1. Out of all the residues in region 1-51, which are over 29 Å from Glu68 (Cβ atoms) and of a type in the set (Phe, Trp, Tyr)?
2. Out of curiosity, is Met52 among the aliphatic types (A, V, I, L, M) and touching a residue at least 24 places away in the same chain (Cβ under 8 Å)?
3. Can you name every residue in region 21-74 that is of a type in the set (A, V, I, L, M) and outside any helix (DSSP H, G or I)?
4. Going by what's in this entry, would Gln33 be described as surrounded by 13 or more Cβ atoms within 10 Å (Cβ to Cβ) and of a type outside the set (Asp, Glu)?
5. Just to be sure before I move on: is Phe2 surrounded by 14 or more Cβ atoms within 10 Å (Cβ to Cβ), on the phi < 0 side of the Ramachandran plot, out of contact with any strand residue (DSSP E or B) (no Cβ under 7 Å at 6 or more places or on another chain) and not in a helix (DSSP H, G or I) in the structure I sent?
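Readers should treat all values here as calculations from the given coordinates under stated rules, not as data from a laboratory. All values derive from a computational prediction rather than experimental measurement. Neighbour counts run over all protein chains shown; Cβ positions are idealised from the backbone, glycine included.
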Amino acid sequence: MFESHPRDEVEALLQNDNEFRQLFRRHQELDKQVLDAELGVLPIDDATLARMKKEKLHAKDRLVRMFETRGSVH
């Protein structure tokens, strides 16, 4: 997700910012679940998949905002 950002800044946030780390992990978890659902590995209904995608997008947007405001601080 942060491929175009300086890796050391992302790593610093992951190590030093509990909120960022938890949200990052949640995003990764949702990403895997969405992929599994789309591949048919995780059987879920369309409404649940849509909710998961929305939550994943919200988490990504929040992570990017957090990175932009906190990344240069660490």
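1. None; the set is empty.
2. No: the conditions fail for Met52.
3. Taking region 21-74 and keeping what is of a type in the set (A, V, I, L, M), we get 23, 30, 34-35, 37, 39, 41-42, 44, 47, 49-50, 52, 57, 59, 63-64, 66, 73.
Within region 21-74, Val41, Leu42, Ile44, Val73 qualify.
4. yes
5. Numbers: surrounded by 14 or more Cβ atoms within 10 Å (Cβ to Cβ): yes; on the phi < 0 side of the Ramachandran plot: yes; out of contact with any strand residue (DSSP E or B) (no Cβ under 7 Å at 6 or more places or on another chain): yes; not in a helix (DSSP H, G or I): yes.
Yes.
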